[in-house]
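The values are calculated or read from the model by the stated rules, or taken from the named source; none is laboratory data. The structure displayed is predicted, hence computed values, not measured ones. Cβ coordinates were reconstructed from backbone atoms using ideal geometry, including for glycine residues, and neighbour counts include every protein chain displayed. These accessible areas exclude ligands, DNA and RNA; they are computed on the full protein's heavy atoms, side chains included. Shrake-Rupley method; radii C 1.70, N 1.55, O 1.52, S 1.80 Å.
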Amino acid sequence: MTDFRVIETPEAYEDAVSQLAAGDGPIAVDAERASGFRYSQRAYLIQMYRRGAGTFLFDPTTVPEFSRLESEIRDVEWVLHAASQDLACLREVGLDPARIFDTELAARLLGMPRVGLASVVEELLGVKLAKEHSAADWSTRPLPDSWLTYAALDVELLVDVRDALTDRLAEAGKQALAAEEFEAVRTKEAKPPAAEPWRRLSGIHAIRHGRNLAVARSLWHTRDARASELDVAPGRLVPDASLVAAARILPRTKRALAELKEFTGRASRSELDRWWAAIEAGLADTELPAVRVPSDAPPPPRAWAARHPDADARLRLAKAAVTEVAETLQMPTENLLTPDHLRRVAWQPPADASAHGIGEALQALGARAWQIDATAQRIADAFVEAAQSLEDASASNS
């Protein structure tokens, strides 16, 4: 069995901080949440490993605060796998790194075929990790020993993985661009809350009338408030499909709602009065939501050929050029350049469509310097080729 300590008392916490501070090199960090079980995205277990110190599993439900740990390790490089998934819940308890190494992102930049932690560990270290508890309810107390062992293994090999990936990045000449990507992940600002989060209901696109949307909105807000109150994942009360079905069908009585076979979920009947009140509120709402929501995003590319053939030609040729660069660099196209960035500059290119102008447009969208260096000229060339092909086609048809 792997060796670790579970930190649940102030005395154990102080000792763990001292040992981690005295360790050597980077610190491997991971966090376990209860996504799909709880409303919040808080961390229910935080794992850390450092050479010379060992492995520590901190229980945030019993450790009151992490300020001393933060002050001791903040400036040390933190090694995380898929850092963007854990940084928010770590920051929520006061743990915020100054430097990170993201092993999943490094694997992507190296073009590794599988980038899940178990796959990366197996390819680089020849060790097989079991992932049977990855979707567990980590808010469970006490945590089973098998879960704790699984959690410890997630960090015990991360520093070795980091070292192996560092060597591969150096061999590929990708250390600098990897550092840019790690910093971009670390400093990325959280998205502001959606103005109308209820529109993210799965299947809501099938509802095309304002009154039905008002009911869907009312049901979503009612479920969200109840889920927050109980700290339960909303879908565990009533799934999205049930709310959408009720909004689409609009049952006219509480009994009709109870008899609606599509309306399921563990709280669908036990809290029937709550859902019926939400439907009545939506039916009585005088401010109906818009059926179509304005957006500054380009339309789906499949519609471009008919609506905007010049943009379609730009996107097709630029996409092929970017794909070619990605293949040369041996990395996924989406890591070379965010697809939405390419779509936006193809839909509405800058007045200066040179490599410099396109580079400035990409930078404004959030592209990193290395991404611009690798793609801007190729995109500019593709735009010129697209314009010429359209001119040639027009001349041959005249």
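Collect the residues in the range 296-305 that are open to solvent by 90 Å² or more (accessible area, probe 1.4 Å) and at pLDDT below 90, keeping them in residue-number order.
Across the range 296-305, the qualifying residue is only ASP296.
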Could you check ALA247 against (1) within 19 Å of ALA206 (Cα to Cα); (2) in contact with a helix residue (DSSP H, G or I) (Cβ under 6 Å, 6 or more places away or on another chain); (3) part of a loop (DSSP other than H, G, I, E, B) and say which number it fails?
-> (3)
Looking at (1) open to solvent by 70 Å² or more (accessible area, probe 1.4 Å); (2) assigned to a helix (DSSP H, G or I); (3) in contact (Cβ under 8 Å) with a residue 60 or more places away in the chain, which is the only condition LEU288 fails?
-> (2)
Tell me, yes or no, whether the range 47-59 has at least one residue that is acidic (Asp, Glu) and open to solvent by 20 Å² or more (accessible area, probe 1.4 Å).
-> no
May I ask you to list the residues in the range 137-152 that are crowded, with 17+ Cβ neighbours inside 10 Å and either in contact with a helix residue (DSSP H, G or I) (Cβ under 6 Å, 6 or more places away or on another chain) or free of Cβ contacts under 8 Å to residues at least 24 places away in the same chain (or both)?
-> TRP147, TYR150
Restricted to the range 153-167 and to residues being at pLDDT 95 or above and among the hydrophobic types (A, V, I, L, M, F, W, C), the residue surrounded by the fewest Cβ atoms within 10 Å (Cβ to Cβ) is ALA164
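Considering ALA206, ALA172, ALA176, ALA184, which residue is more than 30 Å from VAL291 (Cβ to Cβ), more than 24 Å from the chain's Cα centre (by Cα), in contact (Cβ under 8 Å) with a residue 12 or more places away in the chain and open to solvent by less than 80 Å² (accessible area, probe 1.4 Å)?
Answer to the check: ALA172.
Has the range 320-331 got any residue that is assigned to a helix (DSSP H, G or I), open to solvent by 80 Å² or more (accessible area, probe 1.4 Å) and more than 27 Å from ALA172 (Cα to Cα)?
Our first condition is that a residue be assigned to a helix (DSSP H, G or I); within the range 320-331, this holds for 320-329.
Retained after the next criterion (residues that are open to solvent by 80 Å² or more (accessible area, probe 1.4 Å)): 324, 327-328.
Right, trim to more than 27 Å from ALA172 (Cα to Cα) and you get none.
Looking for residues that are assigned to a helix (DSSP H, G or I), open to solvent by 80 Å² or more (accessible area, probe 1.4 Å) and more than 27 Å from ALA172 (Cα to Cα), one finds none in the range 320-331, hence no.
The rows are residues; the columns are (1) basic (Lys, Arg); (2) more than 30 Å from LEU230 (Cβ to Cβ); (3) at pLDDT 95 or above; (4) touching a helix residue (DSSP H, G or I) at 6+ places or on another chain (Cβ under 8 Å).
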{"residue": "ALA43", "(1), (2), (3), (4)": "no, no, yes, yes"}
{"residue": "ILE46", "(1), (2), (3), (4)": "no, no, yes, yes"}
{"residue": "GLY52", "(1), (2), (3), (4)": "no, yes, yes, yes"}
{"residue": "PHE58", "(1), (2), (3), (4)": "no, no, yes, yes"}
{"residue": "GLU70", "(1), (2), (3), (4)": "no, yes, yes, no"}
{"residue": "GLU77", "(1), (2), (3), (4)": "no, yes, yes, no"}
Exactly one of (1) within 26 Å of the chain's Cα centre (by Cα); (2) surrounded by fewer than 19 Cβ atoms within 10 Å (Cβ to Cβ); (3) of a type in the set (Val, Ile, Thr) is unmet by VAL244. Its number?
-> (2)
Mind listing whichever residues of the range 1-33 are hydroxyl-bearing (Ser, Thr, Tyr) and at pLDDT 95 or above?
-> TYR13, SER18
Might you check whether a residue that is assigned to a loop (DSSP other than H, G, I, E, B), surrounded by 14 or more Cβ atoms within 10 Å (Cβ to Cβ), of a type in the set (Ser, Thr, Tyr) and more than 27 Å from the chain's Cα centre (by Cα) occurs anywhere in the range 345-356?
-> yes
Out of the residues in the range 187-203 that are farther than 13 Å from PRO289 by Cα and touching a residue at least 40 places away in the same chain (Cβ under 8 Å), which is surrounded by the fewest Cβ atoms within 10 Å (Cβ to Cβ)?
-> ALA190
Across the range 224-241, what is the number of residues that are in a helix (DSSP H, G or I) and open to solvent by 10 Å² or more (accessible area, probe 1.4 Å)?
-> 11
